[in-house]
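Novice: If you scroll down you'll find the structure; I have some questions about it.
Bear in mind that the values in this text are calculations on the coordinates, not laboratory data. Worth saying up front: this structure is predicted, and the values here are computed from it rather than measured. Neighbour counts are summed over all protein chains in view; Cβ atoms, including those assigned to glycine, are modelled from backbone coordinates with ideal geometry.
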Amino acid sequence: MSDECQGGEEFLNSILESTGLDLRASASETEDGCVLNLEGDDDSLLRGEGGELLHALEHLLNQARGRRLPFGKRFVCDVGDFRATRAAELRTMAKVAADQVRSSSVPFTFAPMDASERRVIHLTLAGEEDLHTESVSEGNARRLKVSLKTAAGK
């Protein structure tokens, strides 16, 4: 394991230790960067509210240590395959939204979500020739909008 990945693990574990929660991070390298899997009796807290706390820890880790990783690499935090489960859920939501837009001709806008979640939906619908996806709004309120290409003027 690289020094950068090991340093991320140590950094995250020091934060987790200071919280008093029963959580421990273990790092592994992937082609995209470094994945830190979190485990412990309090892991359900990381999955609550759509993984908001998990995303916050990942953001903090990337802000504090991400510059030490090679270009294009990043830290990813996960707990009990939450990321894979959430991606599958988002793909299903994208397909349901696409069907709704097609049947009603009315654009569908998702609730605010982070960039990685919007990306899953963009990629899921990228091959749909009749649909257009775009991110709208700013900051934490950024949403993804799905519309018919004819309705979007495309």
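Novice: For the range 55-104, rounded, prolate or oblate, judged on the Cα gyration tensor with a ≥ b ≥ c (square roots of eigenvalues), a/c < 1.5 rounded, else prolate if a/b > b/c?
Specialist: Verdict is prolate for the range 55-104.
Novice: To continue, here is another question. Equivalent ellipsoid semi-axes for the range 3-80, as square roots of 5 times the alpha carbon gyration tensor eigenvalues: give them largest first, rounded to whole Å.
Specialist: After diagonalising the Cα gyration tensor, the semi-axes are 20, 13, 11 Å.
Novice: Can you compute the helix-only [θ] at 222 nm over the chain? Use -39500 (n - 2.57) per DSSP H run of at least 4 residues, normalise by all residues, nearest 500 deg cm²/dmol.
Specialist: Theoretical 222 nm ellipticity from helices: -16000 deg cm²/dmol.
Novice: If the rule is a partner Cβ under 4.7 Å, which cysteines in the chain fail it?
Specialist: Here Cys77 come out as lacking a disulfide-compatible partner, given the Cβ-Cβ threshold of under 4.7 Å.
Novice: Let me ask something additional. Where in the range 6-99 are there chymotrypsin sites (Phe, Trp or Tyr not before Pro) that are in a DSSP coil and have at most 13 other Cβ atoms within 10 angstrom of their Cβ?
Specialist: Those satisfying the criteria are Phe71.
Novice: In nanometres, what is the gap between the two model label sites at Glu129 and Arg142, each 7 Å from Cα along Cα-to-Cβ?
Specialist: 3.1 nm
Novice: Per residue Cα convex hull volume for the chain, in cubic angstrom?
Specialist: 123 Å³
Novice: Separate question: Of Leu125, Ser137, Val101, which is farthest on the positive side of the dipole of the range 85-148, counting Cα position, with +1 on Lys and Arg Cβ, -1 on Asp and Glu Cβ, and the Cα centre as origin?
Specialist: Working it through, the farthest residue towards the positive pole turns out to be Ser137.
Novice: Could I ask something else about it? If I stretch the segment between Glu17 and Glu39 completely, what's the gain in nm (0.36 nm per residue apart, minus their alpha carbon distance), one decimal?
Specialist: Taking Glu17 through Glu39 to full extension adds about 6.7 nm, to one decimal.
Novice: Output wanted: per-residue J couplings in Hz (rounded whole) for the range 69-86, from phi through Karplus 6.51 cos²θ - 1.76 cosθ + 1.60, θ = phi - 60°, x for Gly and Pro.
Specialist: 7, x, 3, x, 9, 8, 8, 10, 9, 9, 9, x, 6, 4, 4, 5, 5, 5
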